[in-house]
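The values are calculated or read from the model by the stated rules, or taken from the named source; none is laboratory data. Being a predicted model, the structure only gives us computed values, none of them experimental. Note: ideal-geometry Cβ built from the backbone for every residue, glycine included; neighbour counts use all protein chains shown. Note: accessible area is taken over every heavy atom of the protein model, side chains too, but ligands, DNA and RNA are not part of it. Shrake-Rupley method; radii C 1.70, N 1.55, O 1.52, S 1.80 Å.
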Amino acid sequence: MSTSHNATNPPTSPNPNLNPNANVNASRPAAPLDGRRIKAAVIGTGAIARGSHVPALAQLAEEGETEIVAAVDIVEDAVQEFCAQTGIPHAYTDLDRMLEEQRPDLVAICTPPTLHRDQTVAALRAGAWVWCEKPPVLTIADFDAVEAEEGKDGGPYAAIVFQHRFGSGARHVKRLIAEEAMGRPLVAHCQTTWYRNADYYAVPWRGRWETEGGGPAMGHGIHQMDLLLDLMGPWSEVRAMAGRLVHDVETEDVSTALVRFESGALATVVNSVLSPDEVSRIRIDCERATVELTHLYGHSNADWRITPAPDVPEDDVATWRDFGTDVPSSHLAQLRDLVASMRAGERPRSSGNDGRTSLELISALYKSAFTDTTVRAGEIGPGDPYYTALHGGAPGWAPASSSSAGSESASPSESAAHQEVSA
């Protein structure tokens, strides 16, 4: 198969790295950057690649930081069209071949969740850093397998796309809370109440444990929960409920949770795809003020509101409300941070333990909801059924094909590899 736009001979077999059980390349060290442009490749050519990853990489290319050298998709016509439209020079249907021939420094993974683990491992073993769409993998076991492939000192590392952490608003509020400028955080609310109809779930990989990993807690609310954890710090225990109230799917379509943080603060969390009045919202009540973020898919300084307690001096309030230059949350904001980490040879934010914490909370939410128990941080590990499957084999929730609690997922169909990825 040619590696250019004019490729006409498709491979005789599907890309082995689109199969979770395939072998991957032997490890090779990351190439030194030495101030040169970072060579990037995009895996998957769906909505999130077109709308977020390529524009962010293209903007940094204009600034002399990056260059997009290749794109990969299992459907040759799709990747050829994608490359022609975006000006990417090399089109591939084989991930291994692209990694070997192009040797990218950074791989952006924009494929359905079931493919993330093995594509991430393949890229890391090829010496590339990874920027992977949420959810990063389907289980904590998968996350641990990815982390085991990361570089021990200086990379390559795998970061999760948690763009809501980035931008001036989140940075400013995170500092205020860390410094307790508004007093200790006491009570929080985290809300992802969106609306998805039957057409949304007509996409074959959605609503299924083995291909999406979970329902709105995993695929939608993960962004707000990650931002909440980034602002509030470590959680200690969770008590949850989940329901399948409208959609004919394997996963839940709504969940609620009560979360206690190590600081002692308490939070409520709601994740829904049943809510016509859509909103994403975080509210944190501190001793001296309430800080609130209300938005949908991204936020700027104007989306944050700080309400002081009655006795707070005006000078303090003015300082709290000074967010500085507006940098909206976005893939671009996170990519800038990631590129800086790459050049410094440092672990980026939303990777390693910093990325694992959100997946641990979601896994604990499901375990609590399906077992009617309180789940504590650090409780889910090897030997726990929720370590290898978010449904944990729970009656009424585990798919009929599961042979035992916590069984490994079956390989996805070839067609799932090309489904467009979007929230």
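Before moving on, here are some points about what is shown:
- For the chain, modelled as a GNM whose springs connect Cα atoms under 10 angstrom apart, the maximal fluctuation among Pro382, Pro328, Pro313 occurs at Pro313.
- Residues in segment 142-166 that a label on Arg103 would reach, taking backbone N under 16 Å of a point 7 Å out along Cα→Cβ: 156
- Of Thr211, Thr373, Thr192, the residue with the greatest mean-square motion in the GNM of the chain, using alpha carbon springs below 10 Å, is Thr373.
- Across all Cα atoms of the chain, the radius of gyration (one decimal) and Dmax (whole number) stand at 21.3, 73 Å.
- Excluding same-chain neighbours fewer than eight residues apart, the lysines reachable from Lys367 by a Cα-Cα span under 21 Å are Lys134.
- Gyration tensor (alpha-carbon) shape descriptor, segment 157-235, a/c threshold 1.5: prolate
- Accessible surface of the chain, 1.4 Å probe, proportion on carbon and sulfur as whole %: 49 percent
- Taking Lys and Arg as +1 and Asp and Glu as -1, the other residues whose beta-carbon sits under 14 Å from that of Arg165 total +2.
- Overall form of segment 85-185: prolate. Here a/c, set by the Cα gyration tensor axes a ≥ b ≥ c, is 1.5 or more, and a/b is the larger of a/b and b/c.
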